[in-house]
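See below for the structure under consideration.
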Amino acid sequence: MHGPALAILTLLFALRVLGQALVVFFSVDWLPPSERWFSGVIRYPILLSIQLVMLPGMIKIASDIRRHRGFFAKPKPGYCRFLVGCSMLYAASMILRYILTMAYWPEMRWFGGTIPIFFHLVLAAYLYTWGKFNSGRDIPIAQQLL
């Protein structure tokens, strides 16, 4: 269960990276404008570099877990608490960011400027899923969230 979930989350993140690159480099007009894709905290060339380093790592982790082979295929219970804890803190900070964005910039309601927040939640879900895999218990993700 964890491998397919990690693969889907990786695909979502890859689509985000691709979408933003299409807007920035090719000025496609069928996607949201550039200012909606990132908050401007990190300049885009640096952000893209970070994303292009993250993606192969995410693919490797998801692939190993899905195939039950490779470095990341064996659960490491010591990682579970750290990864799940980080994912919860990460998700909570993005929820707070969304609340503050809506409170201080009402013109952005409900979906203006939320692309970065949504994809940070995708990354938080990735960390959570990876953490739960490392618990060593093969419980379907949907049951873990209930």
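Nothing in this text is a laboratory measurement; each read-out follows from the coordinates by a stated rule. Remember, it's a predicted structure, so these values are computed and weren't measured experimentally. No Cβ is skipped: glycine too gets one built from the backbone with ideal geometry, and neighbour counts run over all protein chains shown.
To the nearest 0.05, how large is the calculated FRET efficiency for LEU12 and ALA103 if R₀ is 30 Å and r is the Cβ-Cβ distance?
Values: r = 27 Å, r/R0 = 0.90.
Once rounded, the FRET efficiency stands at 0.65.
Taking Cβ atoms as reference points and 15 Å as the exclusive limit, the residues near PRO116 contribute a net charge of +3, counting Lys and Arg as +1 and Asp and Glu as -1.
Summarising the label geometry, the points placed 7 Å from Cα in the beta-carbon direction at MET1 and GLU35 lie 4.4 nm from one another.
For the chain, the convex hull spanned by the alpha carbon atoms encloses 125 Å³ per residue. Based on Cα contacts under 8 Å between residues 6+ apart, the range 2-145 shows a relative contact order of 37 percent. The sum of -39500 (n - 2.57) across all DSSP H runs of n ≥ 4, divided by the residue count of the chain, sets its helix-only mean residue ellipticity at 222 nm to -24000 deg cm²/dmol. Extending 7 Å from the Cα toward the beta-carbon at both MET88 and PHE118 defines two label points whose distance is 2.7 nm.
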